[in-house]
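First the structure, in the form of structure tokens, and then the observations on it.
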Amino acid sequence: MENSTHTQLLLQGLWDCMGARQSLLTSPLFPVCFSLTVYLGCCLPYICLDLLSLKVPVIRRFKIQPQSKLTWAMVWSCTSNVLFNHFCFIFPLSALHLYWRDVVPPALAPEVYAVVRDIFACLLLFDTQYFVWHLLHHKVPWLYKTFHKEHHHFTATFSMSTDNASVWETLSLSFFSVVTPALLGCHPLTEMLFFILHIFLSVEAHSGYDFPWSPHRVVPFGLYGGAPHHDLHHLKFRVNYAPYFTHWDKLFGTLHGEETETEPKRKRKTL
């Protein structure tokens with residue numbers, strides 16, 4: 001009970017601190033800067049690991065595709081694409097969204113239980129939305145070639161490839177991530193915490209690393225896919241469509257794991 005009280009006070013203090021900076025939070029640049037800061041902050045540790053793995057074998061042993069190598073050209077290609085999509089498309093749409101959305105922020109922070117419950121519900125709903133979108137963009141050749149193929153430019157995933165996508169894909173997934181907490185009536189603070197977790201899990205799924213502490217190893221019963229799940233999707237293209245969990249792929253018969261691979265890991269397709 002005491003720990004719950006301390007956590008609630010921490011949430012309230014965080015919310016009060018944010019409330020004192022409403023002019024910043026309501027700026028049309030804030031969503032773009034917030035998204036990019038969290039995204040690049042999540043990618044940076046993995047980029048450092050990729051560069052260190054070239055000389056440190058103990059790091060390379062955790063890479064899912066150990067023969068793959070990250071180059072600065074790859075990093076810059078993905079970074080320029082992300083910046084272009086965010087400032088040319090996400091920014092003007094964020095400005096319109098803030099102009100139309102006249103919401104008076106609540107005075108109280110959400111309850112700890114409500115935060116956990118709502119974030120989990122957001123993950124489940126986004127997982128469903130993206131699974132349907134993703135499945136369609138692989139099953140319909142025109143959708144794949146026109147909109148989704150760019151994301152599959154790299155067959156070995158790495159952190160910066162997370163948002164390496166077409167404008168349509170960037171806008172679609174941004175729409176899902178924004179509308180999901182809105183549909184569930186989440187507290188604004190819960191929305192921000194969901195965005196942070198969503199971005200981290202997306203980057204982790206594209207990281208190309210399988211550590212003993214990776215999320216898919218922490219969540220029991222194989223309910224969460226993680227980096228190996230999505231890396232295999234980039235290799236085989238028509239498997240593992242869900243971004244987080246594995247239940248939709250199980251139901252649709254599209255779930256494949258490492259044990260289904262017929263080739264040894266050392267012979268897997270690389271960049």
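The values are calculated or read from the model by the stated rules, or taken from the named source; none is laboratory data. Just so you know, these numbers come straight off a predicted model, no measurement behind them. Cβ coordinates were reconstructed from backbone atoms using ideal geometry, including for glycine residues, and neighbour counts include every protein chain displayed.
Per-structure values
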{"read-out": "Some residue of segment 108-128 being in contact (Cβ under 8 Å) with a residue 60 or more places away in the chain and either in contact with a strand residue (DSSP E or B) (Cβ under 6 Å, 6 or more places away or on another chain) or farther than 18 Å from His187 by Cα (or both)", "value": "yes"}
{"read-out": "Of all residues making up segment 85-121, the number that are more than 19 Å from Leu171 (Cβ to Cβ) and assigned to a helix (DSSP H, G or I)", "value": "10"}
{"read-out": "Test result for Cys33, out of contact with any strand residue (DSSP E or B) (no Cβ under 9 Å at 6 or more places or on another chain), free of Cβ contacts under 8 Å to residues at least 40 places away in the same chain and more than 30 Å from Val167 (Cβ to Cβ)", "value": "no"}
{"read-out": "Residues located in segment 211-227, provided they are crowded, with 18+ Cβ neighbours inside 10 Å, out of contact with any strand residue (DSSP E or B) (no Cβ under 8 Å at 6 or more places or on another chain) and either farther than 25 Å from Ser35 by Cα or among the aromatic types (Phe, Trp, Tyr) (or both)", "value": "none"}
{"read-out": "Residue in segment 235-252 that is surrounded by the most Cβ atoms within 10 Å (Cβ to Cβ), counting only those that are part of a helix (DSSP H, G or I) and charged (D, E, K, R)", "value": "Asp249"}
{"read-out": "Filter result for the condition that a residue is modelled with pLDDT under 95 and surrounded by 15 or more Cβ atoms within 10 Å (Cβ to Cβ), over Phe154, Phe147", "value": "Phe154"}
{"read-out": "Qualifying residue in segment 194-215 (condition: in contact with a Pro (Cβ under 6 Å, 6 or more places away or on another chain), modelled with pLDDT of 95 or more and either closer than 18 Å to Gln129 by Cα or aliphatic (A, V, I, L, M) (or both))", "value": "yes"}
{"read-out": "Hits in segment 197-225 (condition: part of a loop (DSSP other than H, G, I, E, B) and in contact (Cβ under 8 Å) with a residue 12 or more places away in the chain)", "value": "Ser207, Gly208, Asp210, Phe211, Ser214, Leu223, Gly225"}
{"read-out": "First in segment 130-159 and under 28 Å from Asp210 (Cα atoms) and among the acidic types (Asp, Glu), second anywhere and at pLDDT 95 or above and surrounded by 15 or more Cβ atoms within 10 Å (Cβ to Cβ), Cβ under 9 Å, 6 or more apart", "value": "Glu150/Asn81; Glu150/Asn164; Glu150/Ala165; Glu150/Ser166; Glu150/Glu169"}
{"read-out": "Helices (runs of 4 or more DSSP H) fully within segment 12-74 counting 3 or more residues that are surrounded by 15 or more Cβ atoms within 10 Å (Cβ to Cβ), out of contact with any Gly (no Cβ under 6 Å at 6 or more places or on another chain) and modelled with pLDDT under 95", "value": "30-53"}
